[in-house]
Structures are given as C-alpha cells and as structure tokens.
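The values are calculated or read from the model by the stated rules, or taken from the named source; none is laboratory data. Small disclaimer: the values here were computed from a predicted structure and weren't measured. Backbone-built Cβ (ideal geometry, glycine too); neighbour counts: all protein chains shown. Keep in mind that these areas ignore ligands, DNA and RNA; they rest on the heavy atoms of the full protein, side chains included. Shrake-Rupley method; radii C 1.70, N 1.55, O 1.52, S 1.80 Å.
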Amino acid sequence: MKNTARAHTNIALIKYWGKKDADLRLPLMSSISMTLDAFYTDTSLLIDTEDKKFILNGQEVTGPAANRVFDYVERLQKLFNVAGNFHVISDNHVPTAAGLASSSSAFAALAASFVKAYNLSISPKGLSILARLGSGSATRSIYGGFVKWNKGTNSANSFAEVIDEKPQMDLKLLAVEISEAEKKLSSTKGMKLAQTSPFFKPWIARNDEEIAQMEAAIKSNDFTKLGQLAELSASEMQAINLAAQPGFTYFANETLEIIKLIQELRNKGLECYYTIDAGPNVKILCQKNSCSNIKKYVKNILPNVKIVEAGFGPGITYLD
Ligand code: PMV
C-alpha cells in the first residue's frame, strides 16, 4: 500500500497572517480561501521502513526541509500512539512558475496520507486540524472550492469548513511569477514581525466583518465584491508589514508594476483584482473571458514573466 493522497494548493482571499500559538498554529484571525485545480501535491507515506527518508520529486531531501517533515510525522505518531520509521514520498505539481507556496498542499497531503497509512478513522474536520499542525494554510486544503478556516480558541475548534465545494462563480486566478527565488523572510518570521505594526490590532478588529462580507459575496455569487475584498485583505497585509518595527515588504518592483496595471485595466473597464502572499508574485483574480486579454497586457509590460491559469480545485483525494 502506498497510501497516496492528493491535495491542492489554496489561495487566501481573506488572509491568515498572525499566530496566537506558534506550536499549535492557532491563528489570530479567521481566513477564507479558494482551492486551486492547477497546483497539487501527491504524497505517499510508507510505514515500518528500515530508515527514515523524505523524497521530493524523485530526489532525497535532507536538512531543515526534511527535518520539518520528519518532526511533523513524528508529532502525529505521538498523537496517535504509533511509532516506527517511514518514507515520505512527495511529488509536487506546483510549478515554480506559479509562484505559489506549496506548504498548503504539502502538509494537507501528508496528513491525509498519514491517516490512511495507519488506517485511522478521522473525519475531514479532524484531518483539517492535523494538517494545521504542519502549516496554517494546509488547514484549508482539505476541502475544495471556497473554504473558511474558523480561527477557534483551541486546537480542537480551529479547523476549516466548506463554504461552497462546487462554486458556480465565474472566477479564475492568473498566477504571475515574478521571481522563483525562495522568500528571504519565512512566513513564520513575517507573521511575528507583523504584530509589531500599529495597524495589526485594528486589522484583527475588522476580521469578523471582513469574513462576513466575503461569505456574503460568495453566497450571492458577486465577483466584484469578492475581488474588492480579496484585494483589500492583501493590501492590508502588505501595509501592516511596511509599518512593522522594523518594516519589511515581500514586494519587488515588478509587483508594484502589476498592481498599477491592474488598477489601469479596471479604469479601462477590464475587471480584475490582485491578491499577494508572502512573496513578490501577484495572483490576478478575473473572469474566464478576460483571462487572455489580461495575460497579454501583463506580457506587454513584463515580457519575461510566466503566467499560469487556475480555476476551482477539489479537496483531498486518495489515489490508491
Ligand atoms: O501557513 P503558511 O506558512 O503557509 O502561511 C500562509 C500565509 C499566507 O499565505 C500569506 C496567507 C494565507 O492565509 O495563506
């Protein structure tokens, strides 16, 4: 048995950017995401092996990246009172060109593969909690479509739930890759620093309202409202970072060029919005029939960027 699980990445429309408890990865805010069809991770967990290995895209990984994976599996083993060596075999179908972090799909797939390998009977809610212990954004990758992660107050009630697993909304995401480079400041460090910003507390105070507005936009199939709210959440996150003590930004010059372009396109009547995570790459939210036009405009100002198109993706699936 290879116990292979597939999880898709997700993009936060209302951002998670701050931890209340770093060890349990309890967030200070609730978040909402869209699961993406174009990017996913397949992970198999082989148990009771002779040694411990992490193989990513056919290559053995050692060092900090492997240790994070080993620590995570060992943490789950302790939780379920099981032990033994294991091999984690992952194939990442998250093209570097997408400029998307793969930790959401990576830890969701690993959690799902773990419960299958040990034949544990875990509900999707339980799986979401287990994924959260690996990476915050992975909490939401258990489900497809539009997903909400309720911040909760403790480990047992901080998990994701479906808002709409098969949305009808005409919504596409164009992932524009500006840089393939690893981010200099990890999201863990960025989230910690962000809390020194005077804008952090006011932002948290607005979280319930932003979540309610985004849910209403999703339920009423309102692309315009969804785009405006997603763009605002991303801008708030970046503004907080700039005003942190010391201030920082994940933006590159090209990030701002694309933001300006998106604003110009909107003024021209071509409706699109941006969202950005802990990196320079821009994700453009738009509707199906404007994708190719928007791609052309982006290529016009930045001919060398790569653009990958995505739609709604599914939740966890098992391949064997
Ligand atoms: O859980 P992490 O380390 O993947 O952090 C995710 C942080 C953001 O991508 C910036 C926002 C989010 O909600 O996914």
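Structural remarks
- Hey, Ala108 in contact with a strand residue (DSSP E or B) (Cβ under 8 Å, 6 or more places away or on another chain) and at pLDDT 95 or above or not: yes
- Taking region 43-149 as the region of interest, the helices (runs of 4 or more DSSP H) fully inside it that hold 2 or more residues being closer than 30 Å to Lys219 by Cβ are 103-117, 124-134.
- Annotation note: of Leu24, Leu46, the sole residue that is out of contact with any strand residue (DSSP E or B) (no Cβ under 7 Å at 6 or more places or on another chain), away from the ligand (no atom under 12 Å from the Cβ), aliphatic (A, V, I, L, M) and touching a residue at least 12 places away in the same chain (Cβ under 8 Å) is Leu24.
- Number of the exception - Ala243 against (1) over 23 Å from Glu177 (Cα atoms); (2) more than 16 Å from the ligand (Cβ to nearest atom); (3) open to solvent by 50 Å² or more (accessible area, probe 1.4 Å): (3)
- Test: residue in region 32-39 that is within 16 Å of the ligand (Cβ to nearest atom), modelled with pLDDT of 95 or more, surrounded by 24 or more Cβ atoms within 10 Å (Cβ to Cβ) and not hydrophobic (A, V, I, L, M, F, W, C): yes
- Residue within region 166-189 that is more than 17 Å from the chain's Cα centre (by Cα), more than 16 Å from Leu26 (Cα to Cα) and within 14 Å of the ligand (Cβ to nearest atom) present: no
- Counting only helices (runs of 4 or more DSSP H) that fall entirely inside region 206-309 and contain at least 2 residues that are more than 30 Å from Ser135 (Cα to Cα), the qualifying elements are 253-267, 291-301.
- Any chance Leu229 is under 30 Å from Phe107 (Cα atoms) and surrounded by fewer than 16 Cβ atoms within 10 Å (Cβ to Cβ): no
- Test: residue in region 46-55 that is among the polar types (S, T, N, Q), under 19 Å from Asn119 (Cβ atoms) and open to solvent by 10 Å² or more (accessible area, probe 1.4 Å): yes
- Output for region 295-310, where each listed residue is under 15 Å from Cys272 (Cβ atoms) and in contact (Cβ under 8 Å) with a residue 60 or more places away in the chain: Lys295, Val298, Ile307, Glu309, Ala310
- Subset of region 205-216 [hydrophobic (A, V, I, L, M, F, W, C) and crowded, with 16+ Cβ neighbours inside 10 Å]: Ile211, Met214
- Flag for Leu193 being part of a strand (DSSP E or B), open to solvent by less than 60 Å² (accessible area, probe 1.4 Å), at pLDDT 95 or above and among the aliphatic types (A, V, I, L, M): no
- Extreme residue, farthest from the ligand (Cβ to nearest atom), among residues of region 2-21 that are within 20 Å of Ser186 (Cα to Cα) and among the small types (Gly, Ala, Ser): Gly18
- Within region 259-280, the set of residues being open to solvent by 10 Å² or more (accessible area, probe 1.4 Å) and either polar (S, T, N, Q) or touching a His at 6+ places or on another chain (Cβ under 9 Å) (or both) comprises Gln263, Asn267.
- Among (1) within 16 Å of the ligand (Cβ to nearest atom); (2) in contact (Cβ under 8 Å) with a residue 24 or more places away in the chain - the single one Gly84 does not satisfy: (1)
- Filter result (of a type outside the set (S, T, N, Q) and either touching a Cys at 6+ places or on another chain (Cβ under 8 Å) or away from the ligand (no atom under 16 Å from the Cβ) (or both)) within region 146-165: Ala156, Val162, Asp164, Glu165
- Flag for Met237 being within 13 Å of the ligand (Cβ to nearest atom) and touching a Leu at 6+ places or on another chain (Cβ under 9 Å): no
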